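Below is one structure; the comments refer to it alone.
The values are calculated or read from the model by the stated rules, or taken from the named source; none is laboratory data. Predicted model only: the values in this text are computed from it and were never measured. Glycine gets a Cβ as well: all are built from the backbone with ideal geometry, and neighbour counts include every protein chain shown.
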Amino acid sequence: MENNSALSRRAAVGAAGEEAAANHLVQLGYRLVERNWRCRNGELDLIAEDGFTLVFIEVRARTNPTHYGSAVESITPRKCRKVRELATIYLKQFKINPQSMRFDVITVTFEASSEIRELKHLQGAF
């Protein structure tokens with residue numbers, strides 16, 4: 001079981017990763033629609049519009065990929081199904097019928113100094 005400091009460190013890395021991902025999307029011209037949208041079934045990290053495409057973005061952040069695996073390795077088939085399920089709930093709840101939509105993944109790897117070592121944006125990842 002993780003202790004509180006490990007949990008708070010992990011939450012801080014996750015929040016920093018989501019902030020970096022959101023900034024990246026804005027720089028690309030995306031319009032952020034939601035951040036950390038929650039329902040009883042789970043949470044969607046980011047929802048954005050890329051032109052007429054509604055994009056559901058899963059963000060994964062890591063500080064030590066050699067210890068826990070890389071950020072992209074943490075996107076399992078189960079996680080992909082969960083994000084798709086949550087996207088369906090979101091669309092139904094807000095009665096949205098997008099012209100097109102896709103699922104992206106943004107991975108952020110941080111140095112020990114908290115500087116971003118690498119940010120990868122995988123469009124249409126699943």
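Assorted remarks:
- Candidates are the residues of the stretch 67-88 that are over 21 Å from Gly42 (Cα atoms) and in contact with a strand residue (DSSP E or B) (Cβ under 7 Å, 6 or more places away or on another chain); the one that is modelled with the lowest pLDDT is Tyr68.
- Test: residue in the stretch 100-117 that is on the phi > 0 side of the Ramachandran plot and part of a strand (DSSP E or B): no
- Residue check, Leu91 surrounded by 18 or more Cβ atoms within 10 Å (Cβ to Cβ), among the hydrophobic types (A, V, I, L, M, F, W, C) and modelled with pLDDT of 95 or more: no
- From Thr63, Thr53, Thr76, Thr88, residue being over 26 Å from Glu118 (Cα atoms) and hydroxyl-bearing (Ser, Thr, Tyr): Thr88
Condition check ((1) of a type in the set (D, E, K, R); (2) over 17 Å from the mean Cα position of the chain (by Cα)) across all residues:
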site: Thr63; (1), (2): no, no
site: Thr76; (1), (2): no, no
site: Lys92; (1), (2): yes, yes
site: Lys95; (1), (2): yes, yes
site: Pro98; (1), (2): no, yes
site: Met101; (1), (2): no, no
site: Thr107; (1), (2): no, no
site: Leu119; (1), (2): no, no
site: Leu122; (1), (2): no, no
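- Scanning the stretch 94-126 for residues being of a type in the set (Gly, Ala, Ser), touching a strand residue (DSSP E or B) at 6+ places or on another chain (Cβ under 7 Å) and surrounded by fewer than 16 Cβ atoms within 10 Å (Cβ to Cβ) gives a total of 2.
- Taken together, the residues in the stretch 71-97 that are assigned to a loop (DSSP other than H, G, I, E, B) and more than 22 Å from Ala16 (Cα to Cα) amount to 4.
- Condition met for Glu58 (surrounded by 15 or more Cβ atoms within 10 Å (Cβ to Cβ), touching a residue at least 60 places away in the same chain (Cβ under 8 Å) and among the acidic types (Asp, Glu)): yes
- Taking the criterion of being over 17 Å from Phe126 (Cα atoms) and either without any contact (Cβ under 8 Å) to a residue 40 or more places away in the chain or in contact with a Cys (Cβ under 9 Å, 6 or more places away or on another chain) (or both), the residues of the stretch 65-94 that qualify are Thr66, His67, Tyr68, Gly69, Ser70, Ile89, Tyr90, Leu91, Lys92, Gln93, Phe94.
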